[in-house]
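Written below as structure tokens is the structure these notes are about.
The values are calculated or read from the model by the stated rules, or taken from the named source; none is laboratory data. What you see is a predicted model, and the numbers here were worked out from it, not measured in a lab. Glycine gets a Cβ as well: all are built from the backbone with ideal geometry, and neighbour counts include every protein chain shown. These accessible areas exclude ligands, DNA and RNA; they are computed on the full protein's heavy atoms, side chains included. Shrake-Rupley method; radii C 1.70, N 1.55, O 1.52, S 1.80 Å.
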Amino acid sequence: MKRAIFIVAIFILIFSQMGIDVGKAASKEQRTICIDPGHQSHQNLDKEPIAPGSKIRKAKVSSGTAGIATKKPEYKLTLEVALKLRNSLRKKGYKVFMTRTTHTVNISNVQRAQYCNQKHADLTLRIHADGSINKNVQGLSVLYPTGKSTKKVNQASKKAAEYMLQESIKATRAKKAYRTGLMPREDLSGFNWSTTPVILVEMGFMSNQSEDRRLSTSSYQKKLVQGMVNAVERYL
Ligand SMILES: [Zn+2]
């Protein structure tokens, strides 16, 4: 009799453990991240409204910046890092969508937001690099929406931006750009059309010799991606 109780207890223990594990995996699998690697090989200067119903119009997708030392265009750097980020997030069990996986696309910033909306992303990550006429400026910053059309996701996005800044700085030891490293924006089409929490990471300045070189090394990209993954894990 004692033996029977013991065996039943063991079974209950095993099944309850299985239940916990299965539950954990399932809830994580349902977490969806949408990654938007900034820009594309050819800019599209046709205009689109910067927010639903707005009379203000901006270029559909600009050319982006380029590396002063590496001569690498921003759209190449953003995809390089985005693909690594996608792989790392998938390894962690997230469902990941990308607005583009090649350079030769023509997707406007509004369309990029709409794509991530359709995927019902728990978080949309826009990956960019910065440029300045002042070649000494360095550092990383994270942008988040503050517009009226994104009221529902502004607070969540700000939280995600704070985590993203903290974790990327921790992983890379980069400087914070623009003093605080956090940039509220209400003028970006890629934000204003978003119905998902959304942030934009400006990974560093391609207009600064040393930061530009650093951004293209695989060791630095690995740190950047690690920081981003840590931020996602903390946020979700
Ligand atoms: Zn950009």
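Annotations
- Search result, residues across the stretch 118-144 that are acidic (D, E) and within 15 Å of the ligand (Cβ to nearest atom): D130
- All positions within the stretch 176-191 that are among the basic types (K, R) and within 17 Å of the chain's Cα centre (by Cα): R185
- Counting only strands (runs of 3 or more DSSP E) that sit completely within the stretch 26-111, those holding 1 or more residues that are free of Cβ contacts under 8 Å to residues at least 40 places away in the same chain, within 16 Å of the ligand (Cβ to nearest atom) and open to solvent by less than 60 Å² (accessible area, probe 1.4 Å) correspond to 57-61.
- Residue-level analysis places K170 among those that are out of contact with any strand residue (DSSP E or B) (no Cβ under 6 Å at 6 or more places or on another chain) and touching a residue at least 60 places away in the same chain (Cβ under 8 Å).
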